[in-house]
Each structure stands twice: as C-alpha cells, then as structure tokens.
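A.B. asks: Here it is, the structure, as structure tokens.
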Amino acid sequence: MTAPLIELRHIGKSFAAVRALDDVSLSIGRGEIHCLAGENGSGKSTLIKVISGIWQPDQGEILMDGQKMEGLTPRSAIAHGVQVIYQDFSLFPNLSVAENLALSSELHEGRKLVSWRRVRQIAAEAIAKLGVDLDLDALVETLPTAGKQLVAIARALMSDPHLLIMDEPTTALTGREVEALFRVVRDIQGRGIAVLFVSHKMREMLEISERLTVIRSGRVVAAGPISEFDEARITRAMTGQEIAAEGYRWTGDPRGKPLLEVAALSIPGQLENIALRIMPGEIVGVSGLLGSGRTELALALFGMKPGYEGRVRIDGREVRLDSVQEAIGHGIAYVPEDRLTEGLFLTQTIDRNMLVTSHDRLSRGGIMQGGRAAREAAEMIREMAIATPTGDRPVTQLSGGNQQRVVIGRWLLNDPRLLILNGPTVGVDVGSKAGIHRKIRELAQSRGLGVLMISDDLPELMDNCNRILVLHRGRLVSDTPAAETNEAKLSELLGALA
Amino acid sequence: MTAIAQRLRRVDTNLLQLVVLTVLIFAGMAALNPERFLRPYVFESITFIAPELGLLAIAMMVAMLTGGIDLSVIAIANLSCILAGLFFHQVGAPRGPDLVNLPWPMVAAGIGIALGTGLAAGAVNGLLITRLRVTPILATIGTGQVFTGICLVLTGGPAVVGFPRLWGQIGNGTAFGIAMPLVVFLIVAGLVWFLLSRTAFGINLALIGTNAKAAAFAGLRTGRTVFLSYVLTGGLASIAGILLSGRTNAAKSDYGVSYLLQAVLIAVLAGTNPAGGRGSVPGIILALVALMLLSSGLQIMRFSNFLVDLIWGGFLLLSIALAAWRNRVR
Amino acid sequence: MKSLALTLRRHPEWMVAAVLVVAVLTIGLINPVFWQPANIFSLLRASVITGILALAVLLVMLSGGIDVSFPAFAIAAMYLTVKAMIAWGFDGVLLPFAMATAIGIGLGLVNAVFVHHLRMIPLIVTLGTGTAVRGFILGVVGTSQINIDQMPPLLIDFARQDLFTVTQGDGSAAGLSAMVLVYAVIALGVHLMLRHTMMGRSIYALGGGEEAARRVGFNTRRTTFFIYGLAGALAGFAGLLHGAMIWTANPRDMVGLELDVIAAVVLGGASIFGGRGSVIGTMLGVLTLVVITNSLIILGVDTTWQRVVVGLIVIAATAVTAWRDRKRIA
C-alpha cells in the first residue's frame, strides 16, 4: 500500500492559553475528496494554516508522501503541491483575469519582466485546463463571485498541485453555482488531485466528499468514509448536542391580532411577492440557500431596503419601513449575520456596545444620563448572563457566545416587538448556543416577542421554531408548522431547489 | 475599589505618558535655561499663543474620530476672520477710530460672520464626504484650496490689517488676570469634552469611527453624525481664526500654515487614532502643553522657527514610532 | 450610466483627455493667442516639474498611500546639491543630478521605513518627514536664496537648451525646452516599469490588496521600499531640475506645490485607494491642470482665482472618482 498524500499525526497548536488544535490526526489519499467539517471556531482554519505551512505545530508531525516534513513553510508547502483557496480568494480586483492567473507563476519563476503575450498564453492555458470560459481581459472586480472563484481555482491548478484546499468555497454561491463548482471539483479529482473541502454545511459534505473528518474545539470527534455518516451523526459530532426531541410550541391564539403582516413585498431582483404573518410569541424560522433572498427579507423589514413595494402592518397598523430608524421606531430589531464586521465595536467597551441602541432613550436634550445608562447595561449583562465582572471591559475580551449575547441584549433594552436573528449562533460554542436558544424561546414566551430566525442550521430551526419558511430565488416556496415537517423533508426540499 | 483603580490604570496609560512627557520637557527646559525659562512672562505668552493651536488640534481630533481628517482647517480659520475683517472695514472704516471703536453689537455680528463661515465651510466638507462620498483627505485638500482661493480673491493677496478694539480684546485681553484666549479655549475645550464624552452625539462619533457598518446596523444616523462632526470641526477652526486675528490684529490667506502639521502632531501625540474611534480632549490639552513648553524653551535657546519646525516634525515621527512600539508590546 | 462608470474604471485617461480637449478648444476659442507656439511651448515647459513630481505621487497613490513630503524632498535635494557644488567649486550636470537623486532616495526610504515597519498612515508620515526636512534645510543649512550669479553655469546651460525653435508670425522665435524631452523620457521609463516589470505589477498588486499580494508571494517590503525610494528619487531629480530651469535655488520654494500635484494626479484618474492609475492619465492630468491654471491670464481672469480653480478641479475629479468607485467601496 502506498503512503497517503498527506498525513498529520497528533498535531497540537496553542495560542497563548487557547488550545486551538489538540492531538489532531488526519490523512488524505491521492485523488480523494476529503471533507473537513466543523463549526466556526472549531479549529478548521488553524488546521488549514498548519497544512499550508503558515503556522508551525507545537506537537506532532506532518508527513507528505510518507516523508516527514520539518519546519514546513508556505513556500515549501507549495513546492510539495499544496494549494489553498481562501474564502476571500486573494485575488487582485484591479487587475485583469489574465494577470491574476499569470502573476504568481511569473513571480515564482523569478521573472523580472512581464511579457503580456506570455501572460495571456499562460492564462489561456490555465482556463483551458479548467475547461471553463472566462474573459481574460475582464477586470476581476467586475466578475460575479462564482467567476472570481473559478479564477482562484484556475490559478491554484496552474502549479499542478497534489492537494487543493478549499476554505468554505460555497459560502457566497447560489444553488446552481454550487452544482457547477461540484462538477469542477469532481473533474479536478479525476486528474488525481486530492481536494480538502472545508465546510460546515451538511448537504454539501454528504454530496461531494468521500471521507469526512469532523473537528470540534480543536479535536477530531469523528472520522471515516462518508457512508458511515448521516446528517444526524454529523450534527451530533459538530455540535456535541443531541437534537432535542421536542421543538418550540407556540401557545398563542391563532385568531389574535398578528404582530407583523407582510403583503406583496417585492424588491426587483431580490424579493418577489412575499406574504407572511408573525403572531406575538411566535418563532418563525427562515431557511433557504444563499441568494434565496432571506437576508434581503430581513434587511427590508429592518428598513435597509427603502423604496420596497408592498405593505407592512405592525400590530394591525400599516407602516413604511424606509429607514433603520423607522424600523426601530416600530419595534423591529435586527441581529446581523456577521457579528465582527456588522455587529460589534471591537475596541469599545461592553457597555458602549450594549447601549448603542439606547442613546436616544437614555439622553435628555442630547445629554446621556450616565447613572441610568450604567444601571441598564449592568442589568442586561445580568439578564443575558454575560460572563464579565464589569461592563467597562473591551468587548473583544468576550467569547463569541458572550459577544452575541451583547448584540442581542442591546436590542432587548429597547423592548422590541419583532426580533430578527440572522444566523443567531454562528461561531458560538456549543454550551453558549443552547443558552442563547433558551433565552430566545423564553423571550418569545414571556414577552410575546415575535422572532424571525434565519439560519443555515436546520436542526437549530427545527429545535427552536414553531413554523419554518423556505425562500428560493426571492419567493416564499414553503410555510409549514415545524411539527408537520422534519429535517429530512426540509433538506430534501432545499436539495431539490438547488 | 480595585475596579476603579483598574479602570483608572487602563483609561489613563496614554494620559499618564503625556503627563510624564510634559514634566520631562518642563524639567529639561528649566535645566537648560534656568535663568530665562522659569519666568512668568514665558508662561504668560504661552497662554496667549497656545489656544489657537489647541482649538485647531481639537478640530483635527474631531475629524479623526470618525477616521477622517480635515486638511482645510487653516483655510477655514483664515477665511472666517478675513470675512469678519472685511465686514468691519465695511461698516466701520478701513482704519482709524471708526474701525477701532466699533460698538459691541457690530463686533458680535463679526463674530457671528466668522463662526457662520466656519460652520458653513464645515458643512461643505461634510456634504462632500457624506453625500458625494469623497475621501476626507482629498475633499478637504480641495476645499482648503477653494477657501484659500476665496481669501485671495477677496483680499487680492495682502493682509486685512486693523480690527476693532473689542475684537483685539479676544486675542490680547485678559479676564480676571487670565489671558482671554485661554478663557475662550478652556470654555470651548470644556464644551467639546462634554459633547464627546457625555452626549449621544459624541459617543456615536466614536462608535461610527470604530465600525461604521455596525453603527448603521445599530440604527445610528451615520451620515448625519459625520456631517455634523465636520460642521463642528469648521466651527472650531473659525474660533481659532478669531483668536489668531484678534492677537495679531490682521488676517491673511496664508497665516498659520505651519499650524496644520502642529495640529496633526498634537492630535496624534494625544493618542487620537487616525483610523478612527479614539480621541479625547484632555489628551489634546496635555499634548498641547508639552509641545508649547518645548517650543518656548527652544525659542528661548534662540532656535530659529525653522529648527522648531524640524523638531515638531521629528516629534511627530517619534510619536508614531512610540505608538507602533506600544502596540507591539501590547 | 453604468457603462460610463465601467469605461471610466477601465480607461480613466479618456475622461481627462476629454476634459483637456474641451479646455484647450474653449480657451483657444476665447483667445487665439493660446495657439501661438510660444504659449504652447511655455505650457509644455511648465508641466515638466509638476509632471515629474506627479509621477512620484502616482507611484505612492498606486500602492494606496498619499505623499505630501515630496516638495520638501525636492527642495532639500536641490539646495543641498547646489550648496555643495558652490562649496566644492564643482560644476557639471550628471554628477549633480546623481547627487540630488540620491538625496531623494535616502529621504524616500525614511518614509518607507515608517510606512512599512511602523504601519502608520502615509499622509501623517509624509506630513512629518516633509516638515522635518524643510525645517532642517531652513534651520540648519540656510535660508538665503542662491541667485543666477552664483548658480553653477553648466547646470543652467543644460536646462536652457531648446529642442528646436520656430519663428512665429510676428517674427519672434519660440523654442521648445529640451527639458520636455527629459520629462518624456522619465515618464516613458516609469510607464515601462509599471507596465512591463514584475516590480511594476507588484505595485498594482499591493494597491489591489496587500494581504493577497503577500499570499501570492510578493515581497511587499521590497515593493514599499522601491515605491518610496523611486518617488524620492524623482522628487530629488525634479528639485534640481527646477532650480536649473529657474536659475535660482530658493530653499523656500515649492511651498504648497503638493496640492497642485495631487490635484493633477487625481484628475488623471488615479484612485487614492490604490491599484488604479496610469502614467498616461497622470501626464494628461498635469497638462490639463497646467493649461487651465496658466490660461487664466489670457482668459482675462485674475490670477487670484487660480487656487479656487485648482480646488474645484480636485473636488470635481475626486467626486467623479468616488462615483466611479462607489460600488467597490460599498
């Protein structure tokens, strides 16, 4: 038997006091599609960086073709045929496709001068190799995401790698583009190139990979051929949680006054004729592939899509939501998808992060009432069980879960009527996740808060929502009580849409 | 108790360093010029000259708070007092007792013109930056040229000389034995300090400077707030212009050009983050005192103004190096 | 509209070329004197120094920075070189230009150290180095102007050469300065470097994304040092050429020139966010600015309006660039 292409043995890596990787072993054979699964923060990216030589492991060894590698660097990893396609693709938006493709090979050949004929030739070859059609003279910034990804893949293939690592390649793709990507990946595999597919999406893993390794909190928790896995087992491995037997039950009066009624909501090219109702105390899940319009729906309700067509009623009164301020004024709160770039003020204190939505309420004549503000922040820190002695610490010192509690807590201070959560527990550790779910259900039940929960994580929706909507290409294609559906049905539906 | 101590320690490392720097400069200058430095006159003259620079530095800090910069502050200051000066020459006389003895309502109107000019100029910057989304550097380079150009067109080049006596009082007079400019500076600095640390507007500014996207998602009116910060910057610049013209009894299109670097230097030395999100008035005051002591000391030692410029520029580079080193250690 | 934005993004030169054509035709129509060879030649001559300096600024802007130190570097190189020539009794052309260029490189590398190693915003770094260098020249080296009677004659003779002369309608002769050729050769060199060497492409790559450039394997440190070193070299060379062309070495010269040069580069379509801009666009931007500002007189507009015009050009050009790039930033 030949040695595997790459073998990691008992890899350990720590940053300060944090153990990012702990006793991780993994092997990838030639021409194998291997999936590395794990939630955000599980250690996936650290592992990629160890394989690609950016970081040196503290313990353990890396073998390539059965040979032990000492002091792997990015350069030597590339020389051994390891290519990484990062989530952001690392392309140059201001340069042409041809140049993006040819630059690195020209660079690695140590050339000093650029021959534009050779650049085009190299690029044309690279594109032909991948078997796709791209305008070589187009500026990369003008390409859609899928096009940029093809450029990145074509560039990576130019150096004839043995292993291609793709970091969350499907994140920004639509269903159709994901299918196209999978065809490309299988084609790459057909040439004997192994692909390490890093993802946290179940459906993809089951569809594309041959072997699966799941890591959680820096440890391998499950590994084996894909045939040994089903969705439930992957979820269990990724989250460390059993799927709760019983979901959220809404006990309100179905004939009561709806909290939110949306009729014929349309935004050209984004949403089409959406109609939905949310009753007080309901938790409504929204599922759909990327590009399905789920984030656009949330943004429209939060006043970030001014000029939408359609009618929105809150508590029976018709309202226009043409600015964030109006939406907030009508009791709508939004917890955005990307906590770090859209949610938090990282260098500021917990208190300031918490109180940002309350400035108007807490000030008189523009002057902040310091005492009241401090009291309210402290109360909310207690209520949301945020792990910090005081609120004047920088918010960066909190874990992902606690940071998310700050973002949710800031809205609760305003006593909202409708809470929109976009990916409420992305990048949150397991223990904290359950706590956040408990809190959301409790808020819906006790305060009569309506919740719209957008998530990729079907078990999360099944677990916490009483009703689940499915969006596809801007249209609402399904609206089912959670009790009448299950994960398998939903995922089948989503798969059929792709 | 420990919480308070911790808080003090954290908040004030930068201020503490500034205090140490100020004391060191003071001691150094006193040691180098024991005879001439420790005289009331030296400190008195600082209280007349420092305020105009201090106001410009505060203006610069306010612009930097949202990650911007205002390179037009000097032009705004000059334009404001040139317009006020031309107004006085119109309603009084180009010179003589009619001008000198203009009654206070006229002088108040002149102050209104100067302030209004500053606010309007700031509004132009704010509109360019928030509405047309021009980068602050280029927008204020451009408007700075235009404002200076308007000064030139209005005056034809030479200085507007001669201001009413009451106007001169603002730059040269004293109140309760304290230099009038210092009084103006302390009041304005106090107001800005209050605005930045105790009002929703000020806190919003720091939050927008930290993460503009998150601020929009939290429902802050980012465009309006940034716009108002440039209006404030323009207003502060025009007050600096009033002090400058009051002190020198003249206004000219190219006065105070070297103040631009000094204002940036003081803002950066005071711990303002030019990328946005951090800046404070007490820091500005300490940095201002430190650098004024330094330049007075150097002038006593007969350093030319050019050498003082060299040292200011060197200080700016040094403070960048120090900040980089601090971040690395952290 | 969309396709216009796209065209502008791909070929920003077209916009400035159109502006230039419109400006030339309008001015020529209002006053036919514009078309006289003497006027055309003097406009070309006037764009030499601004043009070489604009190439320096272009390099820095391509990498995503901005430079305001180059006039000080140019003056320092010029004044130090001429002083040295006088002190050593040396006259010539090649060696002095080599010396001025070397001084520029040295100073440019100081900028590079601060920008690359201390990670400070280029505007603030270059504000500091520019002020310090000017302070050093005026405070330590000297403040006196070196006039034609003391200037090294060979240097002046070099700059005095004409490429050719034509006889105008009124019988007077008009010559095209050979320095235009020097400028064209330098511009061609920079163009070839940017377009056809890996170093040139690495400058664009750095401006497109520093992290991406590093991942692909570019040595961003070497690129940064090259950019600021070459920008310094161009500034130093332009400084001495300027002195030679006006037959004087004035250490107080070129104050405020950075604004005109930045205006020209921005007008030429370069983006302050880096990665966008070309030598052709920059040269057209310089020529447009020179044509407009120098034609105010023959248009019968008072020269005091010059700054207003430059400022409005900066604002208009940046507003258009911001509109062009709005999608990318959003």
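A.B. asks: Specify the residue that is nearest to the other protein chains (Cβ to nearest Cβ); the eligible residues are those in region A:305-339 that are hydrophobic (A, V, I, L, M, F, W, C) and free of Cβ contacts under 8 Å to residues at least 40 places away in the same chain.
C.D. replies: A:Val324
A.B. asks: Those residues that are assigned to a loop (DSSP other than H, G, I, E, B), in contact with a strand residue (DSSP E or B) (Cβ under 7 Å, 6 or more places away or on another chain) and surrounded by 15 or more Cβ atoms within 10 Å (Cβ to Cβ), I need them from region A:125-158; list them, please.
C.D. replies: Of everything in region A:125-158, those that are assigned to a loop (DSSP other than H, G, I, E, B), in contact with a strand residue (DSSP E or B) (Cβ under 7 Å, 6 or more places away or on another chain) and surrounded by 15 or more Cβ atoms within 10 Å (Cβ to Cβ) turn out to be A:Leu136, A:Ala138.
A.B. asks: So which pairs qualify, if the first residue must be in region C:172-201 and without any contact (Cβ under 8 Å) to a residue 12 or more places away in the chain and away from every other protein chain (no Cβ under 14 Å), the second must be outside any helix (DSSP H, G or I) and hydroxyl-bearing (Ser, Thr, Tyr), the Cβ gap must be under 9 Å, and the two must be at least 6 apart or on different chains?
C.D. replies: Close Cβ pairs satisfying both conditions: C:Ala173/C:Thr165; C:Ala173/C:Thr167.
A.B. asks: Report, by residue number, each residue of region B:103-158 that is away from every other protein chain (no Cβ under 14 Å) and over 20 Å from the mean Cα position of the chain (by Cα).
C.D. replies: Across region B:103-158, the qualifying residues are B:Pro103, B:Trp104, B:Pro105, B:Met106, B:Val107, B:Ala108, B:Ala109, B:Gly110.
A.B. asks: Give me a count of the residues in region A:95-114 that are at pLDDT 90 or above and part of a loop (DSSP other than H, G, I, E, B).
C.D. replies: 1
A.B. asks: Is at least one residue of region A:128-147 in contact with a Phe, Trp or Tyr (Cβ under 8 Å, 6 or more places away or on another chain) and not aliphatic (A, V, I, L, M)?
C.D. replies: Within region A:128-147, none of the residues are in contact with a Phe, Trp or Tyr (Cβ under 8 Å, 6 or more places away or on another chain) and not aliphatic (A, V, I, L, M).
A.B. asks: Answer yes if at least one residue in region B:211-231 is in contact with an Asp or Glu (Cβ under 8 Å, 6 or more places away or on another chain) and more than 9 Å from chain A (Cβ to nearest Cβ), and no otherwise.
C.D. replies: Yes - at least one qualifying residue is present in region B:211-231.
A.B. asks: State all residues of region B:274-308 that are under 24 Å from B:Val62 (Cβ atoms) and at the interface with chain C (Cβ under 10 Å from one of its Cβ atoms); if no residue qualifies, say none.
C.D. replies: Result: B:Pro274, B:Ala275.
A.B. asks: Being within 8 Å of another protein chain (Cβ to nearest Cβ), not in a loop (DSSP other than H, G, I, E, B) and not basic (Lys, Arg) is true for just one of C:Val291, C:Val309, C:Val320. Which residue is that?
C.D. replies: Being within 8 Å of another protein chain (Cβ to nearest Cβ), not in a loop (DSSP other than H, G, I, E, B) and not basic (Lys, Arg) holds for just one of C:Val291, C:Val309, C:Val320, which is C:Val309.
A.B. asks: Which one of these is closer than 14 Å to C:Val216 by Cβ, surrounded by fewer than 19 Cβ atoms within 10 Å (Cβ to Cβ) and within 12 Å of chain C (Cβ to nearest Cβ): A:Leu103, A:Leu95, A:Leu107, A:Leu91?
C.D. replies: A:Leu107
A.B. asks: Pull out all pairs, ordered by first then second residue, where Cβ-Cβ is under 7 Å, the residues are six or more apart or on different chains, the first lies in region C:157-169 and is farther than 17 Å from C:Asp91 by Cα and in contact (Cβ under 8 Å) with a residue 60 or more places away in the chain, and the second is surrounded by 12 or more Cβ atoms within 10 Å (Cβ to Cβ) and of a type in the set (A, V, I, L, M, F, W, C).
C.D. replies: Close Cβ pairs satisfying both conditions: C:Val166/C:Ala174; C:Gln168/C:Ala38; C:Gln168/C:Ala174.
A.B. asks: Okay, moving on. Filtering region C:115-128 down to residues that are more than 7 Å from chain B (Cβ to nearest Cβ) and not aliphatic (A, V, I, L, M), which residue is surrounded by the most Cβ atoms within 10 Å (Cβ to Cβ)?
C.D. replies: C:Thr126
A.B. asks: Hand me the list of helices (runs of 4 or more DSSP H) wholly inside region A:382-498 holding 3 or more residues that are closer than 30 Å to A:Pro268 by Cα.
C.D. replies: Qualifying helices (runs of 4 or more DSSP H): A:487-497.
A.B. asks: Now for a different question. For region B:259-268, which residues satisfy the criterion of being touching a Gly at 6+ places or on another chain (Cβ under 8 Å) and more than 8 Å from every other protein chain (Cβ to nearest Cβ)?
C.D. replies: Those that are touching a Gly at 6+ places or on another chain (Cβ under 8 Å) and more than 8 Å from every other protein chain (Cβ to nearest Cβ): B:Ile266, B:Ala267.
A.B. asks: For region A:461-484, enumerate the residues that are over 20 Å from A:Glu296 (Cβ atoms), in contact with a helix residue (DSSP H, G or I) (Cβ under 9 Å, 6 or more places away or on another chain) and free of Cβ contacts under 8 Å to residues at least 40 places away in the same chain.
C.D. replies: Within region A:461-484, just A:Thr480 meets the criteria.
A.B. asks: For region B:103-137, what are the residues that are buried (at least 22 other Cβ atoms within 10 Å of the Cβ), not in a helix (DSSP H, G or I) and not hydroxyl-bearing (Ser, Thr, Tyr)?
C.D. replies: Within region B:103-137, just B:Val134 meets the criteria.
A.B. asks: Now a separate question. If you check A:Glu376, A:Glu337, which single one turns out to be part of a loop (DSSP other than H, G, I, E, B) and within 21 Å of A:Leu443 (Cα to Cα)?
C.D. replies: Checking each option against the conditions leaves just A:Glu337.
The values are calculated or read from the model by the stated rules, or taken from the named source; none is laboratory data. Everything quoted here is computed from the prediction, not taken from an experiment. FYI the Cβ positions are ideal-geometry reconstructions off the backbone, even for glycines, and counts take in every protein chain you see.
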